[in-house]
Amino acid sequence: MLKVESPAKHLMAHGISTCAGCSMELAARYLLKAAGPQSIVVIPPGCAALLSGFGAETVVKVPVFQGNLENTAAYAAGIRAGLEVLGKEGINVVGFAGDGATVDIGLQALSAAFERGDHILYVCYDNEAYMNTGIQGSASTFPDAWTTTTPAGKEGLGKNMLEIAAAHRIPYAATASAGYVNDLARKLTAAVQAAREKGPAYLHISTPCPTGWRFDPALTIAVAKAAVQTRAWNLVEVVDGDWRLTVEVKDPKPIGEYLRLQGRFRALTPEQEAKLQQLVDSEYEKLLAHLK
Amino acid sequence: MAVKRRLLDGNSAAALAMQMARVQVAAMYPITPQSPIAEAMSEFAAQGSYPKKFMRVESEHSALSAAVGACLVGARAGTATSSVGLALMHEVLGVASGVRAPIVMPVVNRALAAPWSLWADHQDAMAERDSGWLQLYVENVQEVFDSVLMAYKIAEDPRVLLPIMVCQDGFFVSHNSEAVAVPAQEVVDAFLPPYEPKNAYLDPASPLVIDDLTPPTLFTELRYQQKEAFANALTVIEEVGAEYGRLTGRTYGLVEEYRLADAETALVVLGSVAGTMKGLVDERRALGERLGLLRIRSFRPFPAAKIRAALTGRKRVLVFDRSAGLGSDTAPLFTEVKAALAGLSPAPQLFGYVAGLGGRDVMPATLARALAAAEKGSGQGVSAWIDVNQAEVGGEKEC
Ligand code: SF4
């Protein structure tokens, strides 16, 4: 039998079965640290289900319910309602779901929880595809990226989940990145607090996936940082309707410096790259318009 | 004992029973003909009564998901639905039963689209017969009220711990007003203590992962436990029905026998059409015919032994289904009854009928035709459709 030499220091064991270099795992560790032991987490099937565990084994020290793909927010809302009627205070109710379970199939239940003002924290780890089922494209897949269901490159610009969340006028919505962990940790703390005191909180974290994005696992943080530094991913916070950049990239690098780190853009033509540059530039302009 | 008589329809009886059961969280989405249940529960919550929290969800899928979440932290939870709403819940029905959440759900039976229909038909619930939920089918408004109360006691029994549907026929019961005997709240409270989660629950003081990926061997073992729970429910339903009877004078079991003891011909049925059939039985009895009725209250678990005992010695058995059973020789209820009676000696002649789909009236004349046909012995062993007149929809066949 394998002897584990060092006990886990926090709420999640080490040596868990995510792929090497997985930044979802990193995000999960920060999430559990921010939420603390007084938490109940809902996780749909997907990569994060690796945290729920298998059979009689789990890797987390907080209660977890593994839901279905589309109803993480509804389960979380029900849990919150149950705690409320039983007078159980001081427990954080957290949904932790991937982009497929959030931006695609889970959007309806999430939108309803936002609209009802349920006191839940919903965290989307965005690895930009259905990674657990084998790299199939989602609404969050970056334009022109290869996936197993977008073999010629993904068409369409995808959904802007931050705008969707903010349009529900929830008290707290933000983007974050596994490459900027201080920013991530601060936002997680703010989101936990908002969900306790005010209403729904939403955090959308860019979590590069070496397996699906086709890069060396040693480069995860570099890829995550490159996304921000090229403005392919912007770090923003919307508190009570006020938008602000939390990491301002004054002198952005060309988009190619992000794309060329990854195998999923290998087939990109110079024309496509130019188009993507225009896209991130114009999206940034639109973002700035929110900041006034 | 303070018993009030109140004029209630099936929907308001279901809602009142949930309120008196002190349901803490109700998550509901409106659908015809169930909507008045959602309205009544939201009104109760607004008045500060039970449910303590009414969740206005955006779909039936989320309604049941929220009820599961609330139940797993220890709240008594409920929802209600009908027809395509029940179909939309399908995925979560399996979760609720698999995590052994004792949720009670009034189902107002209505046909499934297509074509669209608003009216009574059991196909919605029959489509969920293997979802791991107990299913009770009631005949009238009093029984809706009584069964919803009993359902919480049955579902929460540690020998059972399964969710339960209390099925009432759309409009025939849901929108039909009757004088209902309503026991005092103290009587209900004594009958139904507060809910305490006894199995899997979510509590940071005692962390547990519920519903993670499960290897094949364990999966089979857990399914087997559910199967055992259904077997236990056969006993628990009768125990709870007897206890309820001692408190209220109305005793319920797995089946109801009506003038069956010496019957030569037995009608077997689910739901509200039993009322019409009881009238027919009385008429025929007055003429000296030995006709009786077996109404099956519990379709899940299916009380095969009870049914076998009740139908032993009958010359002929006529089973009426309010669902089509497409692609099968026999509609769902008949399939089960036939299997329950297999090998009986002497064997009764078995006849199946599909009637009353999409709310179509099942008239005494229709029943009379079925009886006459059965007396001639024709069409044994398969479900025949009665009252079909294809000329009405431009077809040629008229029968
Ligand atoms: S596929 Fe990607 S997101 Fe999933 S566990 Fe592996 S690295 Fe993490």
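The values are calculated or read from the model by the stated rules, or taken from the named source; none is laboratory data. These figures come from a predicted structure and were not determined experimentally. Don't worry about glycine lacking a Cβ; one is built from the backbone with ideal geometry, like all the others, and counts go over all protein chains shown. Protein only, heavy atoms only, side chains kept; ligands, DNA and RNA dropped before computing areas. Shrake-Rupley method; radii C 1.70, N 1.55, O 1.52, S 1.80 Å.
Given the options B:Leu318, B:Leu350, B:Leu326, name the one that is at pLDDT 95 or above and open to solvent by less than 10 Å² (accessible area, probe 1.4 Å).
The match here is B:Leu318.
Do we have B:Val84 as out of contact with any Ser or Thr (no Cβ under 6 Å at 6 or more places or on another chain), open to solvent by 10 Å² or more (accessible area, probe 1.4 Å) and closer than 18 Å to A:Leu69 by Cα here?
For B:Val84, the condition - out of contact with any Ser or Thr (no Cβ under 6 Å at 6 or more places or on another chain), open to solvent by 10 Å² or more (accessible area, probe 1.4 Å) and closer than 18 Å to A:Leu69 by Cα - is not met.
Of the conditions (1) touching a strand residue (DSSP E or B) at 6+ places or on another chain (Cβ under 8 Å); (2) more than 16 Å from the ligand (Cβ to nearest atom), A:His204 fails just one. Which one is it?
All conditions are met except number (2).
With the requirement that a residue be loosely packed, with under 15 Cβ neighbours inside 10 Å and either without any contact (Cβ under 8 Å) to a residue 60 or more places away in the chain or within 14 Å of chain A (Cβ to nearest Cβ) (or both), what does the stretch B:226-238 give you?
B:Lys227, B:Glu228
Residues in the stretch A:172-182 that are over 11 Å from A:Val123 (Cβ atoms) and either out of contact with any helix residue (DSSP H, G or I) (no Cβ under 9 Å at 6 or more places or on another chain) or hydrophobic (A, V, I, L, M, F, W, C) (or both): how many?
Residues flagged as over 11 Å from A:Val123 (Cβ atoms) and either out of contact with any helix residue (DSSP H, G or I) (no Cβ under 9 Å at 6 or more places or on another chain) or hydrophobic (A, V, I, L, M, F, W, C) (or both) within the stretch A:172-182 amount to 4.
Out of all the residues in the stretch A:123-158, which are at pLDDT below 95 and either out of contact with any Asp or Glu (no Cβ under 9 Å at 6 or more places or on another chain) or hydroxyl-bearing (Ser, Thr, Tyr) (or both)?
Correct list: A:Gly156 only.
Give just the number: which of (1) within 14 Å of chain B (Cβ to nearest Cβ); (2) crowded, with 21+ Cβ neighbours inside 10 Å; (3) more than 16 Å from the ligand (Cβ to nearest atom) does A:Lys61 not satisfy?
Going through the list (1) within 14 Å of chain B (Cβ to nearest Cβ); (2) crowded, with 21+ Cβ neighbours inside 10 Å; (3) more than 16 Å from the ligand (Cβ to nearest atom), A:Lys61 breaks only (2).
For the list (1) out of contact with any Leu (no Cβ under 8 Å at 6 or more places or on another chain); (2) within 16 Å of the ligand (Cβ to nearest atom), I need the number of the one condition that A:Gly241 fails.
Checking A:Gly241 against (1) out of contact with any Leu (no Cβ under 8 Å at 6 or more places or on another chain); (2) within 16 Å of the ligand (Cβ to nearest atom), the one that fails is (2).
Please specify each residue of the stretch B:176-217 satisfying the condition of being within 10 Å of chain A (Cβ to nearest Cβ), of a type in the set (D, E, K, R) and under 17 Å from A:Gly82 (Cα atoms).
Of everything in the stretch B:176-217, just one residue is within 10 Å of chain A (Cβ to nearest Cβ), of a type in the set (D, E, K, R) and under 17 Å from A:Gly82 (Cα atoms), namely B:Asp203.
Regarding the stretch A:222-237, can at least one residue be identified that is more than 24 Å from A:Arg116 (Cβ to Cβ), within 16 Å of the ligand (Cβ to nearest atom) and in contact (Cβ under 8 Å) with a residue 60 or more places away in the chain?
Scanning the stretch A:222-237 turns up at least one residue that is more than 24 Å from A:Arg116 (Cβ to Cβ), within 16 Å of the ligand (Cβ to nearest atom) and in contact (Cβ under 8 Å) with a residue 60 or more places away in the chain.
Taking helices (runs of 4 or more DSSP H) that fall entirely within the stretch B:110-202, which contain at least 3 residues that are open to solvent by 10 Å² or more (accessible area, probe 1.4 Å) and not hydroxyl-bearing (Ser, Thr, Tyr)?
Per the criteria, B:141-156, B:185-191.
So which residues in the stretch A:104-135 are away from every other protein chain (no Cβ under 14 Å), within 16 Å of the ligand (Cβ to nearest atom) and touching a Gly at 6+ places or on another chain (Cβ under 8 Å), if there are any at all?
A:Val123, A:Cys124, A:Tyr125, A:Asp126, A:Asn127, A:Glu128, A:Ala129, A:Tyr130, A:Met131, A:Ile135
Return yes or no: is A:Arg80 within 16 Å of the ligand (Cβ to nearest atom), at pLDDT 95 or above and open to solvent by 10 Å² or more (accessible area, probe 1.4 Å)?
In short, no.
Filter the stretch A:73-89 for residues that are more than 17 Å from A:Gly199 (Cβ to Cβ) and facing chain B (nearest Cβ under 9 Å) and give the result.
A:Tyr75, A:Gly82, A:Val85, A:Leu86, A:Lys88
When A:Gln66 is evaluated against the numbered criteria (1) at pLDDT 95 or above; (2) more than 7 Å from chain B (Cβ to nearest Cβ); (3) within 16 Å of the ligand (Cβ to nearest atom), which criterion, by number, is the only one it fails?
It is condition (2) that A:Gln66 fails.
Provide a single number: the residues in the stretch A:109-159 that are surrounded by fewer than 24 Cβ atoms within 10 Å (Cβ to Cβ) and touching a Cys at 6+ places or on another chain (Cβ under 8 Å).
Counting residues in the stretch A:109-159 that are surrounded by fewer than 24 Cβ atoms within 10 Å (Cβ to Cβ) and touching a Cys at 6+ places or on another chain (Cβ under 8 Å) gives 1.
For the stretch A:11-48, how many residues are hydrophobic (A, V, I, L, M, F, W, C), within 10 Å of the ligand (Cβ to nearest atom) and surrounded by fewer than 19 Cβ atoms within 10 Å (Cβ to Cβ)?
Selection size over the stretch A:11-48: 3.
Kindly indicate whether A:Gln229 is surrounded by 14 or more Cβ atoms within 10 Å (Cβ to Cβ) and under 30 Å from A:Val94 (Cβ atoms).
Yes.
State the number of residues belonging to the stretch A:207-221 that are touching a Ser or Thr at 6+ places or on another chain (Cβ under 8 Å) and either within 14 Å of chain B (Cβ to nearest Cβ) or away from the ligand (no atom under 12 Å from the Cβ) (or both).
Count: 1.
Restricting to the stretch B:98-109, name every residue that is in a strand (DSSP E or B) and out of contact with any Phe, Trp or Tyr (no Cβ under 7 Å at 6 or more places or on another chain).
Selection gives B:Met105, B:Pro106, B:Val107, B:Val108, B:Asn109.
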